[in-house]
Amino acid sequence: MPSAEKSKVTRKQLIDGLNEDLSREYQAIISYVNYSQVLKGAAYMNIADELAVHAKEELAHALKIANHVDYLGGMPSVTPKHVKTSEKAEDMLEFDLENEKETIRQYRRRVKQADELNEFAIAESLRDILVDEQDHLIALATALGIDPPDAGIAD
Ligand SMILES: [Fe+2]
Ligand SMILES: [Fe+2]
């Protein structure tokens, strides 16, 4: 029964998934712009600088994802996911850590979906983005003094 269980993912599902990813990238840009400037305290100055670097990387990701959505015939999203705010440094780092975990879970699934649709160049681009997101996760976990959590993979 080999060909009966072929690709279940549709192009439309990939477009919709990538648009959700794009909304997460917008969320990441906004949170990193805000947190990098709001984060206070001598203990957090290194990570504040690091967050400003993340902000620029998230913008580069957003541009790539928007390009892929357009290439697939979709309309790139213009809506960020909700951004939480706090005055507390640890809260901000934890919000970012949670968001990066979710981002990694989702991109891992998206790589498989793109591969399934033979969109190998998109899958390759997503793998590059995943490397950055894993670096972001490590930087946040290190700043929080914890081991980087395993993000797993989205359904
Ligand atoms: Fe990103
Ligand atoms: Fe990230």
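FYI, it's all coordinate maths here, none of it is from the lab. Because the structure is a prediction, the values reported are computed rather than measured.
The table for this structure:
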| read-out | value |
| --- | --- |
| Structure-based [θ]222 nm, the chain - -39500 (n - 2.57) summed over DSSP H runs of at least 4, per residue, nearest 500 | -25000 deg cm²/dmol |
| Three semi-axes of the equivalent ellipsoid, the stretch 23-108, Cα gyration tensor, whole Å, largest first | 26, 12, 11 |
| For q = 0.32 Å⁻¹, Debye-computed log10 I/I(0) when each Cα of the stretch 16-57 counts as one equal scatterer | -1.00 |
| Rg to Rh quotient for the chain, alpha carbon positions, Kirkwood Rh | 1.02 |
| Distance violations [Cα-Cα > 23 Å] among LYS12/LYS81; LYS8/LYS56; LYS40/LYS84; LYS56/LYS84; LYS64/LYS112 | LYS8/LYS56 |
| Cα-based radius of gyration of the stretch 107-155 once divided by 2.2 N^0.38 Å, which approximates compact folds | 1.33 |
